[in-house]
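Here's a structure for you.
The values are calculated or read from the model by the stated rules, or taken from the named source; none is laboratory data. Keep in mind the model is a prediction, meaning the values are calculated, not measured. Quick reminder, even Gly has a Cβ in these numbers, built from the backbone with ideal geometry, and neighbours come from all protein chains shown. Ligands, DNA and RNA are excluded from the accessible area calculation, which covers all protein heavy atoms including side chains. Shrake-Rupley method; radii C 1.70, N 1.55, O 1.52, S 1.80 Å.
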Amino acid sequence: MRQLVTSAPVARSVVARYVAGDGAADAVAVAGRLHGDGLLISLDHLGEDTRGARQADLATREYTTLLASLAAAGLTGGGAAEVSVKPTAVGLGLADHGEKTAAENISRICAAAREAGTTVTVDMEDHSHVDATLRIVRMVRGEFPDLGCVIQSQLRRSAADCAALAAPGSRVRLCKGAYNAPQEVAFTTRAEVDRSYARCLRALMRGDGYPMLATHDPRLIEIGAAQARLTGRGPADFEYQMLYGIRPAEQRRLAAGGARMRVYVPYGSDWYGYLVRRLAERPANLAFFARSLLTRS
Ligand SMILES: Cc1cc2nc3c(=O)[nH]c(=O)nc-3n(C[C@H](O)[C@H](O)[C@H](O)COP(=O)(O)OP(=O)(O)OC[C@H]3O[C@@H](n4cnc5c(N)ncnc54)[C@H](O)[C@@H]3O)c2cc1C
């Protein structure tokens, strides 16, 4: 499967549209262009399921160097460009002391982000990593309270997690979830996942944290705007987030209307897992990518 996808010419052109390039310089250049268009950015260095401590260390260094480059390019002021980190890229899956290693490496990235004047958000991966990821977030927030985390509405536990996380200063990105999960822990129909998203959204908007609404779904974006009005939140009190290359015109429309709109920009050569999650794991997302190739709406 990997061989097929990585060698297919069409995959290459899809990758070019959704991934900023192979190196940090490509990512910084794309971030600069998006910033020029009034958009905020979260950069993700592609890679996950790291199996060795050395690789986890290299991934961590990639982020600290990237943050210095973003600062040098003048892109970190007011958190304009921040970074997103996958716990398994920085060691969570290591057989020995994985959780401790990931927590230490995320702390190192947070220190570099603070130095650069910006923030870090910890991505959420497979449901089996949720407890460990939230423990890491709670721990690292002791020193870096602005560390963001992600909640996936597809998981049955998520409304409760949102309520628990909606504390002052708490940055929480809400997405539907991109990983398959068994029905004991996850909603399986699109309608249930969407209803759960609306419940989670309500908990975050009514709470005291900073909600980050990561979705391209027009209905959920509308619900988000309505909830913001109902809860008295102004444009500075929450943000929308979308993926690089998906609904770019909508991203610019929201930003032009005064909303904080952050684009999640992946870069790096290890793009296979990122692409496959959308192309292969979920039929709905295959249609989602196919449609986005045909329209730039
Ligand atoms: C910033 C960001 C960060 C993320 N981080 C994580 C994470 O840490 N962990 C994780 O598991 N997942 C993450 N995701 C992925 C997320 O969980 C979903 O898999 C992905 O965003 C698709 O879900 P959706 O909410 O956009 O809804 P979908 O149900 O996939 O799409 C909803 C609707 O959006 C509209 N739409 C979508 N694309 C287009 C298009 N190109 N043109 C026109 N209309 C379109 C259509 O109306 C579609 O029906 C992240 C997503 C974003 C945006």
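How large a share of the accessible area of the chain, in percent, is made up of carbon and sulfur atoms when the probe is 1.4 Å and the other protein chains stay in place?
Roughly 55 percent, rounded to a whole number.
Which whole-number value in Å² is the accessible area per residue of the range 109-157, probe 1.4 Å?
Value returned for the range 109-157: 38 Å² of accessible area per residue.
Turning to a different aspect of this structure: Step through the residues of the range 75-83 one at a time and calculate ³J(HN,Hα) from phi using the Karplus curve (6.51 cos²θ - 1.76 cosθ + 1.60, θ = phi - 60°), rounding each to whole Hz and writing x for Gly and Pro.
Listing the rounded values in order: 9, 9, x, x, x, 4, 10, 10, 10 Hz.
Name the residues whose placed amide hydrogens come within less than 5 Å of the amide hydrogen of Arg171, ignoring near sequence neighbours (fewer than 5 apart) on the same chain.
Distant-sequence amide H within range of Arg171: Cys149, Tyr210.
Divide by every residue of the chain the summed helix terms, -39500 (n - 2.57) for each DSSP H run of at least 4, and state the resulting mean residue ellipticity at 222 nm, rounded to the nearest 500 deg cm²/dmol.
After summing the helix terms and dividing by residue count, I get -15500 deg cm²/dmol.
Something else: How large is the dipole of the range 1-118 about the Cα centre if only Lys and Arg carry +1 and Asp and Glu carry -1, each at its Cβ, rounded to the nearest 20 debye?
Roughly 200 debye, rounded to the nearest 20.
From Cα pairs below 8 angstrom and at least 6 apart in sequence, can you work out the relative contact order of the range 164-252, rounded to a whole percent?
Over the range 164-252, the number comes to 33 percent.
Which whole-Hz ³J(HN,Hα) couplings does the range 189-204 yield from phi under the Karplus relation 6.51 cos²θ - 1.76 cosθ + 1.60, θ = phi - 60°, glycine and proline marked x?
My calculation for the range 189-204 gives 9, 4, 5, 5, 5, 5, 5, 4, 4, 5, 5, 4, 4, 4, 4, 5 Hz in order.
Counting alpha carbon pairs within less than 8 Å and at least 6 residues apart, what relative contact order, in whole percent, applies to the range 43-90?
63 percent.
Please compute the contact order of the chain in relative form: average sequence separation of alpha-carbon pairs under 8 Å and at least six residues apart, divided by the residue count, as a percent.
21
Right, another one. Taking θ as phi - 60°, what are the ³J(HN,Hα) couplings along the range 55-69 by the Karplus curve (6.51, -1.76, 1.60), each to the nearest whole Hz, with x for Gly and Pro?
5, 5, 5, 4, 4, 5, 4, 4, 5, 5, 5, 4, 4, 5, 5
Let me ask something additional. Where Lys and Arg each count +1 and Asp and Glu each count -1, what net charge lies around Ala20 among other residues with Cβ under 12 Å from its Cβ?
-1
A follow-up question, please. Amide H of Glu82: which non-local residues (sequence gap of 5 or more, or other chain) have their own amide H closer than 5 Å, using H built in the peptide plane?
Result for Glu82 returns Ile41, Ser42, Leu43.
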